[in-house]
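The values are calculated or read from the model by the stated rules, or taken from the named source; none is laboratory data. These numbers were taken from a predicted model, which means no experiment stands behind them. Cβ coordinates were reconstructed from backbone atoms using ideal geometry, including for glycine residues, and neighbour counts include every protein chain displayed. The protein model used for the area step is the full one, side chains on, heavy atoms only, and it has no ligands, DNA or RNA in it. Shrake-Rupley method; radii C 1.70, N 1.55, O 1.52, S 1.80 Å.
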Amino acid sequence: IGKELGNDPEAEADMRGSLGTTYSILGDPVKGEAQLLLAIQRLKRATGGSPRLAGDLYVRLCDTLSFEGRYTEALRACQESLALARIHGSSLGISTVMHDTAYMTVKTGAPLENAEELYREALQAGLREGAPKLLSAIINTRIGDLRQRLGDLAGGADLLREAERVLRSEAGPPIEIIPVLSALAAGCRMRGDYGTATRYLNEAVDLLTGRPTPYLGRDQIE
């Protein structure tokens with residue numbers, strides 16, 4: 001990459017960003033982080049840079065840092081990405097950037113209300129962008145879980161059951177249903193319904209151990 005694209009910093013940054021993301025997905029976030037940081041550094045050398053590409057690189061860095069459990073740093077990277085995306089847009093979709101920022105907000109222990117506000121904004125952005133219906137289900141899962149943790153058991157359960165309905169309409173169902181089942185089980189435990197909680201958790205364990213499941217549904221894989 002350095003030899004072939006050294007005279008084109010933007011192209012080099014884009015390629016290193018893809019390489020870094022691939023390393024991370026394949027289970028080597030340390031290598032992924034190194035490539036993404038190098039990509040951001042190279043992009044700064046480009047005349048005018050590309051703020052849209054920079055935003056995409058920062059959200060990829062956010063995800064990679066989260067794989068290493070470095071949530072505070074991941075949140076900073078996501079916030080940088082979101083600031084750029086609000087102005088310049090994002091090829092990943094601003095709803096995705098907002099979702100990841102909200103998720104890292106929760107992981108760092110920030111007030112849950114802050115994360116919920118971002119998730120709700122992400123949901124509306126996704127509708128405007130025409131994002132896949134499964135993304136809306138994923139975001140509703142996050143909001144439903146937060147609602148329950150904030151004491152709104154009925155409101156949270158309604159959102160979770162709607163997410164469950166959407167995900168069960170997909171063949172599989174897709175792996176994204178596992179957080180739904182876990183959150184539904186948590187709500188059942190809070191209400192003292194341990195039998196139903198156990199049923200949800202047993203299904204989640206079966207899905208995790210019994211067979212491979214698609215990511216974002218078979219029809220969403222590019």
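Wholly within the range 75-162, which helices (runs of 4 or more DSSP H) include no fewer than the required count, namely at least 1 residues that are more than 13 Å from the chain's Cα centre (by Cα) and closer than 22 Å to Leu181 by Cβ?
Fully inside the range 75-162 and qualifying: 112-129, 133-149.
Within the range 107-122, count every residue that is open to solvent by less than 30 Å² (accessible area, probe 1.4 Å) and either touching a residue at least 40 places away in the same chain (Cβ under 8 Å) or acidic (Asp, Glu) (or both).
1
Got at least one residue in the range 79-90 being farther than 23 Å from Gln124 by Cα and among the hydrophobic types (A, V, I, L, M, F, W, C)?
No, the range 79-90 contains no residue that is farther than 23 Å from Gln124 by Cα and among the hydrophobic types (A, V, I, L, M, F, W, C).
Check off (1) under 25 Å from Gly93 (Cα atoms); (2) modelled with pLDDT under 95 for Ala204 and give me the number that stays unchecked.
It fails just one condition, (1).
Sort through Thr213, Thr209 and tell me the only one that's at pLDDT below 95, open to solvent by 20 Å² or more (accessible area, probe 1.4 Å), of a type in the set (S, T, N, Q) and not in a helix (DSSP H, G or I).
So the residue among Thr213, Thr209 that is at pLDDT below 95, open to solvent by 20 Å² or more (accessible area, probe 1.4 Å), of a type in the set (S, T, N, Q) and not in a helix (DSSP H, G or I) is Thr213.
For the range 169-190, enumerate the residues that are modelled with pLDDT under 95 and over 20 Å from the mean Cα position of the chain (by Cα).
Passing the criteria: Ser169, Ala171, Gly172.
In the range 43-59, which residues are modelled with pLDDT of 90 or more and open to solvent by 30 Å² or more (accessible area, probe 1.4 Å)?
Scanning the range 43-59 gives Pro51, Arg52, Tyr58.
Would it be correct to say that Ala77 is modelled with pLDDT of 95 or more and either in contact with a Pro (Cβ under 7 Å, 6 or more places away or on another chain) or over 26 Å from Pro173 (Cα atoms) (or both)?
Taking the combined requirement at face value, the residue satisfies it.
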